[in-house]
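Q: Let me begin by handing over the structure; questions about it come next.
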Amino acid sequence: MFDSICTTVLGFDPNYLTVDLLPDLPYAEAYDDMEEAVFYRHIMPEFWWKLQRWLRVGEERKLHEAWEKFDGFLYERVKLKRQSFNRKTEHKETEHGEFDLLTAFMRAAEDGEEEGGEIRELGKSDKLMRDTAFNLIAAGRDTVTVTLVWLLWLVASNPEVEKKILEEIKANLGGNRWRFFGVEELNKLVYLHGAVCEALRLYPPVPFEHRTAAETETLPSGHTVRKNGRVLFSIYSMGRMEEIWGGDWMVFRPERWLSPDGSKNVHIPSYKFMTFAAGPRACLGKKITFVHAKQVASAVLCNYKVEVVEGHRVSPAVSIVLFMKDGLNVRVSRRK
Ligand code: HEM
């Protein structure tokens, strides 16, 4: 997903997954180091990690070094993107279907009609572009990666579901399997959509969240939360509650997300399906997530059979993102 999120955000494919040669991409590895160090900040007392940061030792030292590498990579991409954008604008070239979020911000800044001028300011400042690119890469890389891993495991463990996914792909997308399916085509895959939703319900990539009360507040349950009090809620548990999902909450059942005749997906409110959070600060990448997840899952499943290696035990890891503790060991073979 690192390749895919960089392509969406920066319009640049690092080819981290290339099979031809082992890529040496220090910034991609730096990103992993940063993630580890940030998790450490969540579990250590604030004064401790701040002291480590000041002394530049331990995890904080690792974070600092990794950040410098990743920051250099992002600034370079923003600079190159701006050069190519300016050149194209100057020569009035069109982009022939190219799309990435950096270009979209630059174009919006150039057209700059919106109220308050925030986008204009964003598109003109390299630092703000760097921050935005980082925010989007951080939000979209591991979340979509783990969605796919849990989905592939659930599908491999439920042959009936796998069969229905393959039938749907065949019925809607025809014979040529060796290509990426477009967004319009993916919209027809309502059963696969239900399967992705089920994976996200049972294994939400962001398993817990917290909110801080700006003022003293009484919750619908009658509990009082004092000003600055923090409420921690488990999205993982909410996806498994009988009161919310019924007695078969533990079953991986894509039909849950389909109309009775199976022809379309039903709307389930975000306050029930909390995986992307709800309200004003809910996830902005929900639609992109479904496009990416369905694109990769359909291409993999219709071309390859993915089988979990016998004896491999699957369990979630304790982290801010719901990775599999020991990864997923699979045997992959080409479908006839
Ligand atoms: C399975 C995939 C994803 C899940 C489960 C997910 C989940 C979430 C959650 C729970 C939040 C709320 C965080 C909070 O308020 O503390 C959030 C925010 C956000 N997400 Fe996602 N996300 C996913 C993919 C993406 C992608 C692909 C992008 C963009 C490319 C993205 C962009 C964002 C942004 C920008 C925010 C901040 C919104 C705001 O504060 O106004 N997300 N996401």
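The values are calculated or read from the model by the stated rules, or taken from the named source; none is laboratory data. Remember, predicted model here, so these are calculated numbers, not experimental data. Methodologically, a virtual Cβ is constructed for each residue, glycine included, from the backbone with ideal geometry; neighbour enumeration extends over all protein chains shown. Areas reflect the complete protein model, heavy atoms only, side chains present, ligands, DNA and RNA absent. Shrake-Rupley method; radii C 1.70, N 1.55, O 1.52, S 1.80 Å.
Q: Restricting to the range 205-244, count the residues that are over 24 Å from R281 (Cβ atoms) and either hydrophobic (A, V, I, L, M, F, W, C) or in a loop (DSSP other than H, G, I, E, B) (or both).
A: 1
Q: In the range 168-204, which residues are part of a helix (DSSP H, G or I), open to solvent by 70 Å² or more (accessible area, probe 1.4 Å) and more than 15 Å from the ligand (Cβ to nearest atom)?
A: Of everything in the range 168-204, those that are part of a helix (DSSP H, G or I), open to solvent by 70 Å² or more (accessible area, probe 1.4 Å) and more than 15 Å from the ligand (Cβ to nearest atom) turn out to be K170, A171, E184, N187.
Q: With V332, V306 as the choices, which residue is open to solvent by 70 Å² or more (accessible area, probe 1.4 Å) and either closer than 30 Å to G174 by Cα or assigned to a strand (DSSP E or B) (or both)?
A: V332
Q: List the number of the failed condition for G262; all other conditions in (1) on the phi > 0 side of the Ramachandran plot; (2) surrounded by 17 or more Cβ atoms within 10 Å (Cβ to Cβ) hold.
A: Condition (2) is where G262 drops out.
Q: Filter the range 217-254 down to residues that are of a type in the set (S, T, Y) and in contact (Cβ under 8 Å) with a residue 12 or more places away in the chain and give me whichever is most open to solvent (accessible area, probe 1.4 Å).
A: Y236
Q: Given L322, L284, which one is within 12 Å of the ligand (Cβ to nearest atom), closer than 23 Å to F233 by Cβ and open to solvent by 60 Å² or more (accessible area, probe 1.4 Å)?
A: Going through L322, L284 in turn, the sole match is L284.
Q: So which residues in the range 122-141 are of a type outside the set (A, V, I, L, M), more than 13 Å from the ligand (Cβ to nearest atom) and either assigned to a loop (DSSP other than H, G, I, E, B) or free of Cβ contacts under 8 Å to residues at least 24 places away in the same chain (or both), if there are any at all?
A: Within the range 122-141, the first condition is being of a type outside the set (A, V, I, L, M), and the residues that meet it are 123-127, 130-132, 134-135, 140-141.
Narrowing further to those that are more than 13 Å from the ligand (Cβ to nearest atom): 123-127, 130.
Within the range 122-141, G123, K124, S125, K127 meet the criteria.
Q: Hey, another quick one. In the range 229-239, which residues are within 21 Å of the chain's Cα centre (by Cα) and not hydroxyl-bearing (S, T, Y)?
A: F233, I235, M238, G239, listed by residue number.
Q: Could you figure out which of (1) touching a strand residue (DSSP E or B) at 6+ places or on another chain (Cβ under 6 Å); (2) away from the ligand (no atom under 16 Å from the Cβ); (3) modelled with pLDDT under 95 isn't true of L232?
A: Single failed check for L232: (2).
Q: Next up: In the range 9-18, what residues are surrounded by fewer than 21 Cβ atoms within 10 Å (Cβ to Cβ) and on the phi < 0 side of the Ramachandran plot?
A: Keep residues of the range 9-18 that are surrounded by fewer than 21 Cβ atoms within 10 Å (Cβ to Cβ), which gives 11-18.
Within the range 9-18, F12, D13, P14, Y16, L17, T18 qualify.
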